[in-house]
Amino acid sequence: MELINFIKTESQMLRFRGLMGMGAVGDTEEFTAVHELKKKVLSEYTDLSEDDFMLSMGTSGDFEQAVLHGST
């Protein structure tokens, strides 16, 4: 959250667009944690819309689990 605040207040040439998470292959808890962080960010920064928010999780080896666990 500190990094997002810094980008939004001190780095006017940057625009915060979302989160990327890559844990160990098969670590489904990481996917859930990143998805929960996305919800927290969207609730605290009301100027961000869910339509514009990018969430990238997993690798080609575990993308299916990322989709399943990151969409709850």
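The values are calculated or read from the model by the stated rules, or taken from the named source; none is laboratory data. From a predicted model like this one, the values you see are computed outputs, not experimental measurements. Every residue, glycine among them, receives a Cβ derived from its backbone with ideal geometry; neighbour counts consider all protein chains shown. Heavy atoms of the whole protein, side chains included, go into the accessibility calculation; ligands, DNA and RNA do not. Shrake-Rupley method; radii C 1.70, N 1.55, O 1.52, S 1.80 Å.
Where helices (runs of 4 or more DSSP H) sit wholly within the chain, those with at least 3 residues that are among the hydrophobic types (A, V, I, L, M, F, W, C) and open to solvent by 70 Å² or more (accessible area, probe 1.4 Å) occupy 63-69.
Cβ-Cβ distances below 6 Å connect the following pairs, each with a first residue in the stretch 18-30 that is β-branched (Val, Ile, Thr), a second residue that is assigned to a loop (DSSP other than H, G, I, E, B) and modelled with pLDDT under 80, and a separation of six or more residues or different chains: Val25/Gly61; Val25/Asp62. A single entry from Val34, Val41 fulfils the requirement of being in contact with a strand residue (DSSP E or B) (Cβ under 8 Å, 6 or more places away or on another chain) and farther than 15 Å from Val67 by Cβ: Val41.
Residue-wise test of (1) under 27 Å from Asn5 (Cβ atoms); (2) of a type in the set (S, T, N, Q); (3) at pLDDT 90 or above.
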site: Asp27; (1), (2), (3): no, no, no
site: Glu30; (1), (2), (3): yes, no, no
site: Leu42; (1), (2), (3): yes, no, yes
site: Leu48; (1), (2), (3): yes, no, yes
site: Phe53; (1), (2), (3): yes, no, yes
site: Gly58; (1), (2), (3): yes, no, no
site: Gly70; (1), (2), (3): yes, no, no
